[in-house]
Structure formats: C-alpha cells, structure tokens
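Quick note: the coordinates plus some simple rules give every number you see, no bench work behind them. For clarity, every value in this text was computed on a predicted model and none was experimentally measured. Note that each Cβ is placed from the backbone with ideal geometry, even for glycine, and that neighbours are counted across all protein chains shown.
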Amino acid sequence: MQAVYISASRIYQRIKPLVPRLLVLTYFLFTIGYFLFPSYHDHYRYYAKAVAIPGILVLGEGLRETRHHLVFKLAILYLLYMLATATWSTPFDLYRFGQMLTIAFYLLTFIAVTQVLRTRFPAGFHHMLRICIAVAAAAAVVSLVVFYQTHSFPSARAEGLGSLTNVNEYANVFGVFALLATGYGLKAERKHARVLYTLAVLCFISFMWFGQSRAAFASLFAALFLLAFIGGKHNKTRVAILTACALVLLIAIFPDLLEKAWTRGAGLRPLIWQAMLVDIRQAPIFGQGLITPMSYIVDGSDFGIGHNAFLQALWQGGVVGMGLLLLLTGSALWYAYRLGKETGNFTILALLVFCVLVMQTGVNSLISRPRDQWMLFWFPLALLISYQTPFRKLSDSVTGSEPETGENTAYSR
C-alpha cells in the first residue's frame, strides 16, 4: 500500500508542473468557447472537465496568493451569503442547491486559475488574450455575414454564432473584448498593431449596432469615453477619435437603426421591476432565496429573470445581498482606479464600469453557468485581483509591457 502511495506521489509531482501549461490552452479555449460551442451546456461541461478539474491542482496556490485582497474577500463573502439564502428558498431543492454550490466552486477555480496563469506566464497570458481578441473579432464578422445571408439587412437584429442564447449576451461579451482591444491598442508602439486593434474594436461595435443592443452599445461608449478622459493626453486623442468616428459613421450610414432603437422605448423591463418590488417588500432584509423560482406574467409573457443584477440580488438576498454586491462592485471600482493611477492603465476600470452599466438592464444572477456574466463580471474581478497580489510587478500592467526583472512590489492594502 505504501509503495502505491509513493508511486502516486511521484506521478503527481511529475504532472503538477505541467498543469499550468495545460491550463493556458484549456483556459484559452474556454475564453473563446462562447463562439465555438453550439450551446452553453457544452461550454459549461467543457469548463468542468478541461479547466476546473486540472485547476484543482493549482487552486491552493491561487487562493494563497489572492486571499488577502479585499475584493477577493468580498467576492467570497457575497458567494457564501447568496448560497446561504438557498436554505430558505421556497421550495428548497437539494439538487438545485448542489448546482449552485458547484457553480460557486467553479467561479473560485476561475479566479485562482486566472491568478496562477497571469503570474506564472505574464507574457503568454497577454499573447493568449490578444489571440482571443482576434478570434472574437472574426466571430463578430462571421456572425454578421452568416445572419444577413438569410435576414433583411440592416433592419433585422443580428444574432451571434455560438453558445450564448440572445443578442444582448453576445453584445456584452463583445464589449469586454472591445475594451481589451482598446487597452492593447493604446499601449501598442507599432502603427500596424494600433490599426489592427482599432479594426477589431470596429468589428465589435458594428455587431452591437446591427444587433441593436442599446444597453451594451451605450455602456461601451461610456467606458471608452472614460478611457479617453481619465488617461493621458495621447490616450484621449486616440480613444476620442475612435469612438467619435465609429459613432458618426454608423449613424450616418444606418440612421434607421437609431430611430428603431429610440422608438422601441423601455420595453417590458419597468413592468418586471415593478412586479419584483412587490415581492421584495415581503422579504426585504434576507430576500426570497437564491433558488426560489421567479415568475412574472407581463404582457402575456412569463419572465423568470429580473433583467437587473442589483435588483435580482435584492430579490434573492434582500438588502443584505444587494448591499454585499454594491460593496463588492464599489471596492472593485476603487481598486481598479488605484491600479490605473499607479500603472497609467485604466483598462480594468473601464471593464468594470462597462459591467456595472450593463448590469442595470442586461444581467441577472451572477452565480450562473458560463454565460456573459463570467466575462462581464468575474473576468475583470479576477484580472484586478491578480494584478494586485504581492507577487505582481508594477511594470506589468493589464495591457502593458512585460514585467521587468527586479523585486516584486505589493500594493498597499
């Protein structure tokens, strides 16, 4: 028995150093999996098998490096409290509760794996994200071409190809990649690289425009203008020109889409929120519970989602749940601002601003299978935490140059 244990231990010691390198590939495929897998169920199963299972081997390392960060502590507190609310959900479903526990664990591995990959392979991590941007831009273009081969152009709302379920989710994910591309473009020294990043951003903006995703489109431009006015003079010029040209070009060529977006009005969301507030008054402090089914009949349709992440947190977790979410997002914004002030790169702050704005109308429960909220919310948080660990070099920013040699410097907490 002891011989078997020794053999297993030796195999483990040989395999363990290879795991992070394997995770670079599986993490990359997961990140672009939104455009590769035919359904989000397949995307979820891929993450469970290819990222979460090998991620267990680096989970301890990742958590040791991130456990002191305030944003990480608040994320854990939020997850634990929302899981606790499942115990007073009506009806209590043990299977559904197990699903939520599993998803929370997967989110934990996602943060830990992001931390390990970014600190162990900073150059490779940046290269991986650049390739992800290229794949996402290609997916946006291909989606538009394929869709309008069978639908009227440009009046029909464009739909994406891949695992997501509606155009707004695609717009949210493309918005994240647009901001990443903008961050890389602002730091690029070569002219051809800046041109390529600009083209990628235009691909993402075009999909949002033809998909008529108003919240994501407006939120992206708000985040881009933030980058323009909070960064240096050089950044202001580049981002302002990019956003102004893209907006003017799209409106000038396709003015009918702007009119359609305006005449659509607020839709049914205000009626859904009004119905939710009635239930919220019944359990205002601790909420209805994470796994309590939500169902509202509005204008003849049954809605099981709140279309507002903060209001959904209030419905599920009460004032305590929404308060924790507000504290988490507020702290993340503050730390991202500090990171930007120190490094001169505000990309993560822009990502979080985009996220908070989109969450007002287009995101529901944050404890969910890999849908748009993973890239929209958990990915920027994971990036932020990883760049503010004691092992982070100040010269290595999210879309900046590779780290220089020298002593590591920790952020003051």
query = Just going by the charge dipole of the stretch 16-386, with Lys and Arg at +1 and Asp and Glu at -1 on Cβ, which of 43, 204, 275 is farthest out on the positive end?
reply = 204
remark   = Applying the gyration tensor rule to the Cα atoms of the stretch 72-182 (axes a ≥ b ≥ c; rounded if a/c under 1.5, else prolate if a/b exceeds b/c, else oblate), the class is oblate
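Give, rounded to the nearest 20 debye, the magnitude of the charge dipole that the stretch 284-374 has about its Cα centre when Lys and Arg contribute +1 at Cβ and Asp and Glu contribute -1 at Cβ.
On the way: 4 positive and 4 negative charges, 59 e Å.
With only Lys, Arg, Asp and Glu charged at Cβ, the dipole is about 280 debye.
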query = Treating the beta-carbon of each Lys and Arg as +1 and of each Asp and Glu as -1, no other charges, what is the dipole magnitude of the stretch 16-386 about its Cα centre, to the nearest 20 debye?
reply = 1140 debye
query = residue 298's amide H: which non-local residues (gap 5+, or another chain) put their own amide H closer than 5 Å, with H modeled 1.01 Å from N in plane and none for Pro or chain starts?
reply = 303
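Can you give the relative contact order of the stretch 16-386 as a percent, counting alpha carbon pairs under 8 Å and 6+ residues apart?
Working: 518 pairs, mean separation 86.7, N = 371.
Once normalised by length, the contact order is 23 percent.
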